[in-house]
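Trainee: I have a structure I would like to understand better, so I am pasting it below and will then ask my questions one at a time.
The values are calculated or read from the model by the stated rules, or taken from the named source; none is laboratory data. Note that this is a predicted model, so its numbers are computed, not measured. Heads up, the Cβs are rebuilt from the backbone with ideal geometry, glycines too, and the neighbour counts pull from every protein chain shown.
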Amino acid sequence: MNDIYLYIGYAGSVLVAVSLMMKNILRLRTINLVGAATFALYGYLVGAYPVFFLNGFITLVDVYYLVGMWREKEHFSLMPVLDPSHRYLNKFLEFYAEDIREYFPDFNKGSINEPVCFFVLRNLIPAGVLIYEKTKEDTVFMHLDYAIPDYRDFKNARFLYSAEQKHLMEQGIKYLETRSNVQKHSKYLLNMGFVQDTSDKNLFRRNV
């Protein structure tokens, strides 16, 4: 039984340590909550009440902030970048280049013939960028759908696809296409309603 308690303590410690490595504040709070609750349980089971009370308090703090984050009303908007060579856009892409390569290893803005660019603003903060081009009369290809680490959650994506839907439909666009061979990004695309092509596993399509 003591061995089980020990494993619970180890699990709590590992989760708390992992949470501190998270860039995304939502993930940090969530994993820290689970870790602190687990470590509080360990403290209670072994009679280490200072450990129990401290981690119980941390658990309550995490719950408080997570509830606040989910209840907070945020303002989203799309800001078109009229000049694809705009200095701020280039600086943004340069600053996040390493992270962008992790999810979009083949992205190269210079190779896109007629890029259409938008910033996703979250409370007026540039939280992401969308770059696509029209490939057919009714189809656009999405070269980049990137969110910065601090705002990498489905709130950005849900707003982006709902806001962009009206804009694209007004131009007669019916289909979105993109490519990905990155597992994390492929999973995200499926969550956003894209369908994986049966013959080309790296190709994803979605109706507008």
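Trainee: Which one is farthest from residue 149 (Cα to Cα), of the residues in the stretch 6-21 that are touching a Leu at 6+ places or on another chain (Cβ under 8 Å) and surrounded by 14 or more Cβ atoms within 10 Å (Cβ to Cβ)?
Mentor: 8
Trainee: Scanning the stretch 34-69 for residues that are within 16 Å of residue 8 (Cβ to Cβ) and in contact with a Ser or Thr (Cβ under 7 Å, 6 or more places away or on another chain), which turns out surrounded by the fewest Cβ atoms within 10 Å (Cβ to Cβ)?
Mentor: Step by step, filter the stretch 34-69, then rank; the result is 37.
Trainee: What number of residues within the stretch 175-201 are of a type outside the set (D, E, K, R), exposed (fewer than 14 other Cβ atoms within 10 Å of the Cβ) and either in contact (Cβ under 8 Å) with a residue 60 or more places away in the chain or assigned to a loop (DSSP other than H, G, I, E, B) (or both)? Explain how you work it out, then say what you get.
Mentor: Step one: list which residues in the stretch 175-201 are of a type outside the set (D, E, K, R), which gives 175-176, 178, 180-183, 185-186, 188-196, 198-199.
Still in the running and exposed (fewer than 14 other Cβ atoms within 10 Å of the Cβ): 181, 183, 190-191, 193, 195, 198-199.
From the residues that got through so far, the ones that are either in contact (Cβ under 8 Å) with a residue 60 or more places away in the chain or assigned to a loop (DSSP other than H, G, I, E, B) (or both) too are 181, 193, 198-199.
Qualifying residue count, the stretch 175-201: 4.
Trainee: Read through the list (1) in the same structural domain as residue 108 (by TED's automatic domain parsing); (2) under 16 Å from residue 151 (Cβ atoms), then give the number of the only condition that residue 24 fails.
Mentor: So residue 24 meets the others, but not (1).
Trainee: On the basis of being assigned by TED's automatic domain parsing to the domain that holds residue 83 and free of Cβ contacts under 8 Å to residues at least 24 places away in the same chain, does residue 123 make the cut?
Mentor: So residue 123 does not fit the description; no.
Trainee: Now for a separate question. For residue 156, are the conditions met, namely being surrounded by 13 or more Cβ atoms within 10 Å (Cβ to Cβ), under 21 Å from the mean Cα position of the chain (by Cα) and of a type in the set (S, T, N, Q)?
Mentor: Here the answer is yes, as residue 156 does meet what is asked.
Trainee: Can you name every one of the helices (runs of 4 or more DSSP H) wholly within the stretch 1-110 that holds 1 or more residues which are under 24 Å from residue 189 (Cα atoms) and in contact (Cβ under 8 Å) with a residue 60 or more places away in the chain?
Mentor: Hits in the stretch 1-110: 25-45, 97-103.
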